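Enquirer: The structure under discussion is supplied below as structure tokens; questions concerning it will follow.
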Amino acid sequence: MSATTTNLGAHAPSDQGHDHGHAHGHDKSGTVIFGFWIFLMSDLIAFSLFIATYADAEWHGIASGPSPHQLFSLGLPTVETMALLISTFTFGICTLGMKYNATMRRTIGWLVVTLIFGAIFLGIELYEFHEFWIEGNTPQVSGFLSAYYALVGMHGLHVTSGIIWGLLLIVQMKTMGMTELVKTRLMRLGLFWHMLDIVWIALFTKIYLMGVLS
Amino acid sequence: MSILGSLKWDDIFIVPFFKEPSLSTGIAAAAGGIVVLGALAVLVLLTVKGWWKPLWTHWITTLDHKKIGVIYIVLAAIMLIRGILEAVVMRAQQVAPAPGFLSVEHHAELFSTHGTIMIFFVAMPLLIGLINVVMPLQIGARDMEFPFMNAISLWLSVGGAALVMASLVVGHFETGGWTAYPPYTGIKLSPNEGVDYWIWSLMLTGIGTTLSGINFAVTIYKQRAPGMTLMKMPIFAWTTLCTAILMIYAMVPLAVASVMLALDRHAGFHFFTATQGGNMMNFANLFWLFGHPEVYILILPAFGVFSHVIPTFSGKKLYGYTSLVWATVAIAVLSFTVWVHHFFTMGQTAHLNAIFGIATMTIGVPTGVKVYNWMLTMWRGKLRFSTAMLFSAGFMFTFVIGGITGVMLANPVISFAAHNSLFLVAHFHNMLIPGLLFGMFAGINYWFPLAFGFRLDETWGRRSFWLWMVGFYLTFMPLYAIGLMGAPRRMAFFTDPAYLPWLLVSMVGALAVLGGLTSQVIQVWVSIKNRESLMVPAGDPWDGRGLEWSLGCPVPEHDFTTIPNITSREPWVEAKERGLRVMEPTEFVDIHLPKNTSMGFLVAMVATVGAFGLIFEMWWLGALCWIAMFVLVLIRSYDTDWEKTVTAEELRADYERHKHVVETTPKVSLDDEFTTKNRGLVFDMEKAV
Ligand code: HEM
Ligand SMILES: [Cu+2]
């Protein structure tokens, strides 16, 4: 039997992390985050398709309704954007702190600040929807408004679920402690939150900036 | 609004028959009756035999990739029976004197359910199931990377299929074809629940498929045995990787399109209302942005199967591994660049059509590369025509014809004339039946022993192949002809007498296909009955080449006692050439496997009930189920005790047992491969040292 023959039978060194059964723990959280990344990529596709639909409807879908130029102003959306940008920054502090073993109180504190800014963002968005709504500019008016509400609404739903997820994580940090599992969950929420921020910048530019300037 | 939403008495399957008795309502009632009686029969059988508990503990709650794969395939088999029966009824309808025995709506429901079922509930579960069973064994993994998510994917697909089945019993399915284009499927023209059945059943299975894609991709990236670089990976794993990437990106457009359609239908949105600034061609674009990659999701795994079956039964190494890998990757990338060929008639410029036409033809190149690879693999090989090999050879002949008509249709000028004709119907069946079904049949015949420990009966297998093959040609060649004569697709009946002879031949062909399917049912039945004599406990019943054949059959739950080190593309061939018949572990260590859980099943079933609520506008039920799902997931997130340990001693005992089986099993020569002498460990005596 030559040297290579035994290779087939040789046992994989467990520190390679390939042996699912054995090398557990540390490698697993990296894998979970990798999987979550991929999921986010497919979520991004969904956003892009809604944006593409909006980009079409913005030109061809006005029907008898208002045009983006007539509908939008820059004031509130800018405040809204600032709120979300700040929340991304504070989330960054939160996860960085976790990396350097900040106390749980600290981590939770920064997470709470993040969620508050997220809620402010959401509040402004809902207020704006409400304003449009009472002027009669509902999604049922035109293809353009349908696309607008669907796109911004989908982003808003994502932020909402992010907030709920964050609240639940606070409960889990308190009840389960800062275990590897909870930490990975926080990391994943972080990725999710940052992605929503990037998506929002695209939305802000496409819908509000370009809409008002058009 | 009542708490039963839009549900009415007339929605129950037999009521229309009593109100207006006719052959059409009678057939609908009978179909609903079969579903109800079939379900009852299963319940009674389970109770009488006392199988509830084993079903629950061994199957429903399982996270074992092999069992999950088997459940997928069983699901596909059940749905295939329905899909083929519907096809036969449609063929019969068109040869009956006009206007036939089905109402126009009933016929439209039939092609819509047939198409939807064949794509989403036959093709997809078949390939996802096969990947689940085989891929981890090929790359030396113990399970999927995310076994719990795997169970969720599975049961969501089952839930989607259950909804399509429910549409036979409660209410109707839609009548707008498997593509469900608005404005026809908008609330004005399709007011009943049919389109909502389509939307929500596809939503469930679509989410399941996306999650499967993530699971496969991460598993392949992270779980390969040490030493198995990407370019040492088996081709089936490569095609799985490409299919997985397509699943991750391509299922989303379908979900987006159907969410928009649902908003249009139920919330008064105007995505697709032309008079209100909507654009229905956006639906077509989104749908085919999914739909075209989807056909490559369907076909790539079959290409993977052929790339293993053909070398095994030719007794030769696969010809041109590297070119096959690159051809696969090229097809996956190109598949995103051709979707417009489904609507050259939309009204875009000729330039755009030319670009998409050329892109489409380009895909023919890597596909052609593959066909040559398989042919050159067979060249001067010692061919053995097992059922799996027959299906592979049949595929190669037939698929090339479909490819040629595909290149014809890729030319926008021809496509304008052939658009929505039976020529197109013949073309895509010509791709899907060999390129998907034959591939999956070959794969199932080939790898069956890994999951169950015994081979499938060859006699009935070969009969099924010939019936399928002849049936396919008889059914679809005539459709090419009358398609060119001008027959449109989706017609309830034709009045032109010139079509009749062709349609009659097609009818005969459909019956032959039905015969093929029946032979397969018999094949499984006979094999189970004779399983003792078909048992191959020593594994490797076909002189196989991949890692999966180094395991005993059936493969134990933990797959590998120790994960092997990989130094070449065909490690098992090399090992056998050196006289090795079993893997020799150097060291046993404790391993962990996922514990069974009912959570995946529960979450998906709650989602299914919720979807049913949405279909019949019982919004409260939808909301309730949404919350329930959320709570279930939350409960699961507190469960940290999800693994069980298999100790080194147990692994050692298992290894010793397997080694004993192998050592006491006499070697079998290739000539006795299909006889009862085959207890595993077949090999080529001439090559043996
Ligand atoms: C071998 C048996 C089969 C027969 C006899 C058969 C027959 C038919 C018939 C009669 C139609 C309606 C054609 C028309 O528009 O007039 C149809 C449509 C279709 N079939 Fe099949 N079929 C078979 C297998 C399959 C398979 C294996 C698949 C896919 C995996 C498939 C997918 C479809 C699709 C997607 C449609 C289009 C439905 C629509 O118009 O929306 N069929 N088939
Ligand atoms: Cu296509």
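The values are calculated or read from the model by the stated rules, or taken from the named source; none is laboratory data. Computed from a predicted structure; not experimentally measured. Don't worry about glycine lacking a Cβ; one is built from the backbone with ideal geometry, like all the others, and counts go over all protein chains shown. Ligands, DNA and RNA are stripped out before the accessible areas are found, and what is left, the full protein with its side chains, is counted by its heavy atoms. Shrake-Rupley method; radii C 1.70, N 1.55, O 1.52, S 1.80 Å.
Enquirer: So how many residues does the range B:274-294 have that are facing another protein chain (nearest Cβ under 8 Å) and either within 16 Å of ligand 1 (Cβ to nearest atom) or within 24 Å of the chain's Cα centre (by Cα) (or both)?
Expert: Here is the first cut: in the range B:274-294, the residues facing another protein chain (nearest Cβ under 8 Å) are B:275-279, B:282, B:286, B:289.
Add one more test, that the residue is either within 16 Å of ligand 1 (Cβ to nearest atom) or within 24 Å of the chain's Cα centre (by Cα) (or both), and what stays is B:286, B:289.
Residues meeting the conditions: 2.
Enquirer: Further, regarding this structure: Out of all the residues in the range A:133-156, is one or more away from every other protein chain (no Cβ under 14 Å), closer than 23 Å to A:Ser48 by Cα and without any contact (Cβ under 8 Å) to a residue 60 or more places away in the chain?
Expert: yes
Enquirer: Moving to a separate point now. Given the criteria over 22 Å from B:Thr360 (Cα atoms), away from ligand 1 (no atom under 16 Å from the Cβ), open to solvent by 10 Å² or more (accessible area, probe 1.4 Å) and free of Cβ contacts under 8 Å to residues at least 12 places away in the same chain, does B:Ala267 qualify?
Expert: yes
Enquirer: If you take the residues in the range B:130-161 that are touching a Leu at 6+ places or on another chain (Cβ under 8 Å) and of a type in the set (Gly, Ala, Ser), which one is farthest from ligand 2 (Cβ to nearest atom)?
Expert: Per the stated criteria, the residue is B:Gly140.
Enquirer: Something else about it: With the structure loaded, tell me whether B:Phe313 is touching a helix residue (DSSP H, G or I) at 6+ places or on another chain (Cβ under 8 Å), modelled with pLDDT of 95 or more, more than 16 Å from ligand 2 (Cβ to nearest atom) and assigned to a helix (DSSP H, G or I) or whether it fails that test.
Expert: So B:Phe313 fits the description; yes.
Enquirer: I'm trying to understand the selection: among the residues of the range B:330-347, which are away from ligand 2 (no atom under 12 Å from the Cβ) and open to solvent by 40 Å² or more (accessible area, probe 1.4 Å)?
Expert: B:Val333, B:Thr345, B:Met346, B:Gly347, listed by residue number.
Enquirer: Go over the candidates B:Gly368, B:Gly403, B:Gly435 one by one and state the one that is small (Gly, Ala, Ser) and closer than 30 Å to B:Ser550 by Cβ.
Expert: Step by step, each of B:Gly368, B:Gly403, B:Gly435 is checked, and only B:Gly435 is small (Gly, Ala, Ser) and closer than 30 Å to B:Ser550 by Cβ.
Enquirer: Could I ask something else about it? Which numbered condition in (1) in contact with a Ser or Thr (Cβ under 9 Å, 6 or more places away or on another chain); (2) assigned to a helix (DSSP H, G or I); (3) open to solvent by 10 Å² or more (accessible area, probe 1.4 Å); (4) away from ligand 1 (no atom under 16 Å from the Cβ) is the only one that B:Ser323 fails?
Expert: Checking B:Ser323 against (1) in contact with a Ser or Thr (Cβ under 9 Å, 6 or more places away or on another chain); (2) assigned to a helix (DSSP H, G or I); (3) open to solvent by 10 Å² or more (accessible area, probe 1.4 Å); (4) away from ligand 1 (no atom under 16 Å from the Cβ), the one that fails is (1).
Enquirer: Scan the range B:54-96 residue by residue and report those that are in a helix (DSSP H, G or I) and among the acidic types (Asp, Glu).
Expert: Looking only at the range B:54-96, we keep the residues that are in a helix (DSSP H, G or I), and these are B:54-60, B:65-95.
Of everything in the range B:54-96, just one residue is in a helix (DSSP H, G or I) and among the acidic types (Asp, Glu), namely B:Glu86.
Enquirer: Can you find a residue that is open to solvent by 90 Å² or more (accessible area, probe 1.4 Å) and touching a residue at least 24 places away in the same chain (Cβ under 8 Å) anywhere in the range B:59-70?
Expert: No, the range B:59-70 has no match at all.
Enquirer: Related question: Of the conditions (1) of a type outside the set (A, V, I, L, M); (2) assigned to a helix (DSSP H, G or I); (3) under 22 Å from B:Phe269 (Cβ atoms), A:Gly136 satisfies every one except a single condition; which number is it?
Expert: Result: A:Gly136 passes all but (2).
Enquirer: Right, something else. Looking only at the range B:470-483, filter to residues that are among the hydrophobic types (A, V, I, L, M, F, W, C), touching a residue at least 40 places away in the same chain (Cβ under 8 Å) and farther than 17 Å from B:Gly403 by Cα; which one of those is most open to solvent (accessible area, probe 1.4 Å)?
Expert: Checking each candidate, the answer is B:Val470.
Enquirer: Being outside any helix (DSSP H, G or I) and surrounded by 18 or more Cβ atoms within 10 Å (Cβ to Cβ) is true for just one of B:Ala237, B:Ala225, B:Ala255. Which residue is that?
Expert: Values: B:Ala237 fails: outside any helix (DSSP H, G or I); B:Ala255 fails: outside any helix (DSSP H, G or I).
Just a single option satisfies the conditions, and that option is B:Ala225.
Enquirer: Next question. Could you tell me how many of the residues in the range B:526-572 are more than 14 Å from every other protein chain (Cβ to nearest Cβ) and more than 21 Å from B:Lys677 (Cα to Cα)?
Expert: Number of matching residues: 0.
Enquirer: While we're on this one: Determine which single condition B:Ala575 fails, assuming it passes every other condition in (1) within 27 Å of B:Glu649 (Cβ to Cβ); (2) within 11 Å of chain A (Cβ to nearest Cβ); (3) open to solvent by 20 Å² or more (accessible area, probe 1.4 Å); (4) of a type outside the set (Asp, Glu).
Expert: (3)
Enquirer: Yes or no: the range B:284-303 includes at least one residue that is away from ligand 2 (no atom under 16 Å from the Cβ), buried (at least 21 other Cβ atoms within 10 Å of the Cβ), free of Cβ contacts under 8 Å to residues at least 12 places away in the same chain and among the aromatic types (Phe, Trp, Tyr).
Expert: Checked the range B:284-303: no residue is away from ligand 2 (no atom under 16 Å from the Cβ), buried (at least 21 other Cβ atoms within 10 Å of the Cβ), free of Cβ contacts under 8 Å to residues at least 12 places away in the same chain and among the aromatic types (Phe, Trp, Tyr).
Enquirer: If you don't mind, there's one more thing I want to ask. Here are the criteria: (1) away from every other protein chain (no Cβ under 14 Å); (2) outside any loop (DSSP other than H, G, I, E, B); (3) open to solvent by 30 Å² or more (accessible area, probe 1.4 Å). Tell me which single one B:Ile245 does not satisfy.
Expert: (1)
Enquirer: While we're looking at this one, here's another question. For the subset of the range B:534-572 comprising residues that are within 26 Å of B:Thr62 (Cβ to Cβ) and over 27 Å from the mean Cα position of the chain (by Cα), which member is most open to solvent (accessible area, probe 1.4 Å)?
Expert: The selected residue is B:Pro537.
Enquirer: Name every residue in the range B:376-407 that is within 27 Å of B:Thr360 (Cα to Cα) and open to solvent by 40 Å² or more (accessible area, probe 1.4 Å), in order of residue number.
Expert: Those that are within 27 Å of B:Thr360 (Cα to Cα) and open to solvent by 40 Å² or more (accessible area, probe 1.4 Å): B:Leu376, B:Phe397, B:Val400, B:Ile401, B:Ile404, B:Val407.
Enquirer: Sticking with this structure for a sec: Being in contact (Cβ under 8 Å) with a residue 12 or more places away in the chain and farther than 14 Å from B:Ile615 by Cβ is the filter; apply it to the range B:186-208 and report the residue that is surrounded by the fewest Cβ atoms within 10 Å (Cβ to Cβ).
Expert: Let us first name the residues in the range B:186-208 that are in contact (Cβ under 8 Å) with a residue 12 or more places away in the chain, namely B:186-187, B:190, B:192-208.
Imposing the further condition that a residue be farther than 14 Å from B:Ile615 by Cβ reduces the set to B:186, B:205-208.
Values: B:Gly186: 21, B:Thr205: 26, B:Gly206: 24, B:Ile207: 19, B:Gly208: 28.
So, considering only residues that are in contact (Cβ under 8 Å) with a residue 12 or more places away in the chain and farther than 14 Å from B:Ile615 by Cβ, the one surrounded by the fewest Cβ atoms within 10 Å (Cβ to Cβ) is B:Ile207.
Enquirer: Would you check which residues across the range B:126-169 are open to solvent by 10 Å² or more (accessible area, probe 1.4 Å) and within 12 Å of chain A (Cβ to nearest Cβ) and list them?
Expert: Hits for the range B:126-169 are B:Phe146, B:Pro147, B:Phe148, B:Met149.
Enquirer: Right, next: Pairs only if they're at least six apart or on different chains, beta carbon under 9 angstrom, first in the range A:44-64 and at the interface with another protein chain (Cβ under 8 Å from one of its Cβ atoms), second open to solvent by 20 Å² or more (accessible area, probe 1.4 Å) and among the hydroxyl-bearing types (Ser, Thr, Tyr); list them, first residue then second.
Expert: Note: pairs meeting the criteria are A:Ile45/B:Tyr249; A:Ala63/B:Thr273; A:Ala63/B:Thr275.
Enquirer: Okay, next question. Given the residues B:Asn445, B:Asn430, which is the only one that is in contact with an Asp or Glu (Cβ under 9 Å, 6 or more places away or on another chain), in contact (Cβ under 8 Å) with a residue 40 or more places away in the chain and in a helix (DSSP H, G or I)? Walk me through it before giving the result.
Expert: Values: B:Asn430 fails: in contact with an Asp or Glu (Cβ under 9 Å, 6 or more places away or on another chain).
Every option except B:Asn445 fails the conditions.
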